[in-house]
Amino acid sequence: MDKFIPLSVPNFKAKELEYVTNAIKTEWVSTGGKYVNDFEKETAKFVKTRGAVACQNGTSGLHVALQVCGVTKDDEVIVPTLTFIAAVNPVKYIGAEPVFMDCDDSLCMDADKLLEFCQNECRFIDGKLINNKTKKHIKALIVVHVFGNMADMEKIIEIAEKFNIKIVEDATEAMGTYYAKGKFKGKYAGTIGNVGVYSFNGNKIITTGGGGMIVSNDEELLSRCKHLTTQAKSDELYYTHDEIGYNYRMTNLQAALGLAQLEQLEQFINTKKENYNLYKQAISEIQGLRILNFRDNIRPNYWFYALYCDESYPLNRDEIIRYLLSKKIQSRPVWGLISDQKPYLSSQTYKIEKARTYLEHIINIPCSSSLSREDVLYVIKCLRDPK
Ligand SMILES: *Cc1c(COP(=O)(O)O)cnc(C)c1O
């Protein structure tokens, strides 16, 4: 094949140009303008929350989300180690400390280890979870819905309620994922904890170039988010500010793009699902390779496909990546564990085991919503016959 097959690229085939052109024609390109409000409203409607606050990117959304959950520099936050570093850096922006947790077979935070940690390594006094080792108050946890899967929210919510900790859902990779069964049936990733954040970075399921959205059912919390993302201005005319805010509001240009993308989200998910099933079936017949499942009680958004390679496949992880590249197919390993990164080497970790195994064995393979059936079949053919 002559053409290059990228891992994950944007897909602008509907009203993107029309809406962006309209934003430019009306000269509303900055943080004012109708698209920002419309995009917030439509997002809230889509994921069924009381409201949504648009922001510059997922990272800024997580920063504000932690702050409105009351996390301060004296606190600690439980975080996953197997994810993108932007899920954890906001803890440090606030000056708080992360405690790293392992993943389970969904690649998301291991709820059983989380419970074990809270019970065995902490004390619960006066409604506060106190880390035995540091004597600090663990005020929140950040749960990431990795690759569009759903963390085990049924268990995690129970633990958070028991120990009075706030939940920030990093749903940056999981917009559109929801529970299809059980206690949270119909609930979307990002809408189950106290506050959730989506990202519209270029490689996410829908994109605004760069952008993010904070969602919640707590209206007071949302209005705090809006305040903080817009310079904490308490009077529009006289410019009075009652605290330190940020210039984190999304622009109308970004939102114009986002609105057009949101209109296609379900369609993108359908294509990704078809390609996922095609890969999964064919790859299950290749010795040493398999595609990881999504949790079975959910409707995932099928954002990224995780190919697990074991020792019986003729190539190891890095060899597969190099081999695919020689066939003009882009793939990549998962992120290096965050607790192994230089700024976090001295942070506390709790029984990190599975995350390391998955890191060594998983690669992500092409999954764009514009990926054709023919492209998928070509990737499969290359994997079937590695040479
Ligand atoms: C993409 C991503 C983010 C950050 O989103 P940006 O919009 O790029 O700032 C945070 N956490 C995870 C898990 C992500 O994948």
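The values are calculated or read from the model by the stated rules, or taken from the named source; none is laboratory data. Everything quoted here is computed from the prediction, not taken from an experiment. In this analysis, Cβ positions are derived from the backbone assuming ideal geometry, glycine residues included, and neighbour counts consider all displayed protein chains. What goes into the accessible areas is simple: the full protein's heavy atoms, side chains included, and nothing from ligands, DNA or RNA. Shrake-Rupley method; radii C 1.70, N 1.55, O 1.52, S 1.80 Å.
A few notes on this one:
- If you go through segment 1-33 and keep only what is open to solvent by less than 60 Å² (accessible area, probe 1.4 Å), assigned to a loop (DSSP other than H, G, I, E, B), modelled with pLDDT of 95 or more and touching a helix residue (DSSP H, G or I) at 6+ places or on another chain (Cβ under 7 Å), you end up with N11, A14.
- Within segment 115-144, considering residues that are assigned to a helix (DSSP H, G or I) and open to solvent by less than 50 Å² (accessible area, probe 1.4 Å), the one nearest to V195 (Cα to Cα): C118
- Odd one out for Y198 among (1) in contact (Cβ under 8 Å) with a residue 24 or more places away in the chain; (2) of a type in the set (S, T, Y); (3) in a loop (DSSP other than H, G, I, E, B): (3)
- Tabulated pairs, segment 239-251, first over 29 Å from A23 (Cα atoms) and part of a loop (DSSP other than H, G, I, E, B), second modelled with pLDDT of 95 or more and among the hydrophobic types (A, V, I, L, M, F, W, C), C-beta under 8 angstrom, 6+ apart or interchain: D242/A232; E243/L228; E243/A232; I244/A232
- Residue match in segment 176-188 (condition: in a loop (DSSP other than H, G, I, E, B), open to solvent by 10 Å² or more (accessible area, probe 1.4 Å), of a type outside the set (V, I, T) and near the ligand (Cβ under 9 Å from one of its atoms)): no
- Any hit, segment 76-84, residues being over 26 Å from I338 (Cβ atoms), assigned to a loop (DSSP other than H, G, I, E, B) and open to solvent by less than 40 Å² (accessible area, probe 1.4 Å): no
- Those residues of segment 210-235 which are open to solvent by less than 50 Å² (accessible area, probe 1.4 Å) and either over 12 Å from Q56 (Cα atoms) or assigned to a loop (DSSP other than H, G, I, E, B) (or both), in sequence order: G210, G211, V215, S216, L221, L222, C225, H227, L228, A232
Table: residues versus (1) in a helix (DSSP H, G or I); (2) in contact with a strand residue (DSSP E or B) (Cβ under 9 Å, 6 or more places away or on another chain); (3) not aromatic (F, W, Y).
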residue: I321; (1), (2), (3): yes, yes, yes
residue: W335; (1), (2), (3): no, no, no
residue: S346; (1), (2), (3): no, no, yes
residue: I352; (1), (2), (3): no, yes, yes
residue: R356; (1), (2), (3): yes, no, yes
residue: E360; (1), (2), (3): yes, yes, yes
residue: L371; (1), (2), (3): no, yes, yes
residue: D375; (1), (2), (3): yes, yes, yes
residue: Y378; (1), (2), (3): yes, yes, no
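- Residue among T21, T59, T31 that alone is within 16 Å of the ligand (Cβ to nearest atom) and out of contact with any Leu (no Cβ under 9 Å at 6 or more places or on another chain): T59
- Residue count for segment 101-114, restricted to those that are of a type in the set (D, E) and outside any loop (DSSP other than H, G, I, E, B): 1
- Among the residues of segment 14-36, those identified as of a type outside the set (A, V, I, L, M) and touching a residue at least 12 places away in the same chain (Cβ under 8 Å) are K15, E16, E18, Y19, N22, W28, S30, T31, G32, G33, K34, Y35.
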